[in-house]
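Novice: Sharing a structure below in structure tokens format, with a few things to ask.
The values are calculated or read from the model by the stated rules, or taken from the named source; none is laboratory data. A quick note: this is a predicted structure, and the numbers were derived from the prediction, not measured. Side chains included, ligands, DNA and RNA excluded: accessible areas come from the protein's heavy atoms. Shrake-Rupley method; radii C 1.70, N 1.55, O 1.52, S 1.80 Å.
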Amino acid sequence: QNTRFSVPNVEIVSGTVDRFQGHEADLVLLSFVKSGTIGFLNSPNRLNVGVTRARFFLAIFGRRRYYLDCPADELAALAAATPVYSLKRQGKQA
């Protein structure tokens, strides 16, 4: 399975939060897309690793409303403190 991709002047590395322990990246895209349960995200250590790997920019993807109401205090606090940018389409153009 490829986890490294290269284009001119850019290296893209894909991996799990556990794999990035001890490493950093200029840009981190962190997916919190989950359905039903919070699973491994309930670990404060994993959450800390996930949100502290970015040198310049961190983008978190997920359903904010779900995490605002979840039983994990750290996840609820992160959801409440994170700015929201909508990726919804504004309508189809002809």
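Novice: At a 1.4 Å probe radius, carbon and sulfur cover how many percent of the accessible area of the chain?
Specialist: On the chain, the fraction of accessible area on carbon and sulfur atoms equals 52 percent.
Novice: I'd like the Karplus ³J(HN,Hα) series for the stretch 15-20: coefficients 6.51, -1.76, 1.60, θ = phi - 60°, whole numbers in Hz, and an x wherever there's a Gly or Pro.
Specialist: Whole-Hz 3J(HN,Hα) from phi for the stretch 15-20: x, 7, 4, 4, 5, 8.
Novice: While we're here: For the chain, report the accessible area per residue in Å² (1.4 Å probe, heavy atoms, rounded to an integer).
Specialist: Each residue of the chain exposes 82 Å² on average to a 1.4 Å probe.
Novice: Express as a percent, rounded to the nearest 5, the fraction of DSSP beta bridges in the chain (both residues included) that run antiparallel.
Specialist: 40 percent
Novice: Residue 60's amide H: which non-local residues (gap 5+, or another chain) put their own amide H closer than 5 Å, with H modeled 1.01 Å from N in plane and none for Pro or chain starts?
Specialist: 30
Novice: For the stretch 61-81 and the stretch 1-30, what is the separation of their Cα centres, given in Å?
Specialist: If we compute the Cα centre of each part, the gap is 24 Å.
Novice: Expressed as a rounded percentage, what relative contact order does the chain have, with Cα pairs under 8 Å and six or more residues apart?
Specialist: Worked out over the chain, it gives 24 percent.
Novice: Follow-up. May I ask you to evaluate 6.51 cos²θ - 1.76 cosθ + 1.60, the Karplus curve with θ = phi - 60°, for each residue of the stretch 55-66 and list the ³J(HN,Hα) values in order in whole Hz, giving x for glycine and proline?
Specialist: 7, 10, 8, 10, 10, 10, 10, x, 8, 4, 4, 4
Novice: For a quick check, take a GNM of the chain with Cα springs below 10 Å and name the residue from 22, 50, 62 with the largest mean-square fluctuation.
Specialist: Most flexible of the set in this elastic network: 22.
Novice: Rounded, prolate or oblate for the chain? Axes are the square roots of the Cα gyration tensor eigenvalues, ordered a ≥ b ≥ c, and the cut-off for rounded is a/c under 1.5.
Specialist: Oblate is the answer for the chain, as a/c is 1.5 or above yet b/c matches or exceeds a/b.
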